[in-house]
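All remarks here apply to the structure that follows.
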Amino acid sequence: MDRPDPVRGDNAPDRLDLIAQAWHRERPDLDLQPQQVIGRLHRVARHLTEELVTVYERHGLTEGEFDVLATLRRAGAPYERSPGDLALHTLVTSGGMTKRIDRLEQAGLVTRRVSDSDARARVVALTARGREVIDAAFADHMANERRLVDVLTPAEAHGLEDALRTWLAALEEPPTTA
């Protein structure tokens, strides 16, 4: 793949370069490099989200619904979790999770039942149809992510992965489960 080479100068300035030039003119005393990193990450994240959501929509899912179904699927057979566990794994409030589960249940992709071990607790499980939908959506999702990552060389992708892992470790507590 032919890629622009900023060293040769055939890579036009992006929006963050132009913003930095303006700030440098107005505030030459400030270090603008953090803005270059974080601003680009923010813009890339917005674009990536748009690209990912397009795939979910092809399967009739929102981003949140995809997340719930994926969390249930990767739990392994019998593909079920409590609503609280789902909320923990998807970083959603219990109220937000209830709405997602309601929509998925209405679509026939999950069921909700009383827990076998605690009559006060509920369990959410994938239906056979839900498993078909998430398996197809996840395969398309992975192909889409491959397409998006392939803009980078393998070395760039691995370097970015390592840098982001380091950054996340500084910002988040280590997870205890997937």
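The values are calculated or read from the model by the stated rules, or taken from the named source; none is laboratory data. On a predicted model such as this, the values are computed, not experimentally measured, just so you know. We place every Cβ from the backbone using ideal geometry, glycine too, and count neighbours over all the protein chains shown. Only protein heavy atoms, including side chains, enter the accessible area calculation; ligands, DNA and RNA are left aside. Shrake-Rupley method; radii C 1.70, N 1.55, O 1.52, S 1.80 Å.
The residue that is nearest to GLN106 (Cα to Cα), counting only those in the stretch 68-79 that are open to solvent by less than 60 Å² (accessible area, probe 1.4 Å) and outside any helix (DSSP H, G or I), is TYR79.
Here the stretch 33-67 is the region considered, the condition is being small (Gly, Ala, Ser) and closer than 24 Å to ILE101 by Cβ, and the residue that is surrounded by the fewest Cβ atoms within 10 Å (Cβ to Cβ) is GLY60. Checked against the criteria, LEU48 does not count as assigned to a helix (DSSP H, G or I) and modelled with pLDDT under 95. Name the single residue, out of those in the stretch 109-129 being open to solvent by less than 30 Å² (accessible area, probe 1.4 Å) and either among the basic types (Lys, Arg) or touching a helix residue (DSSP H, G or I) at 6+ places or on another chain (Cβ under 6 Å) (or both), that is farthest from LEU72 (Cα to Cα). My answer is LEU109. Remark: THR166 falls outside the filter, which requires a residue to be among the polar types (S, T, N, Q), touching a residue at least 60 places away in the same chain (Cβ under 8 Å) and open to solvent by 70 Å² or more (accessible area, probe 1.4 Å). Residues that are within 23 Å of ASN144 (Cα to Cα), at pLDDT 95 or above, among the aliphatic types (A, V, I, L, M) and out of contact with any Gly (no Cβ under 9 Å at 6 or more places or on another chain) occur in the stretch 69-91; there is at least one.
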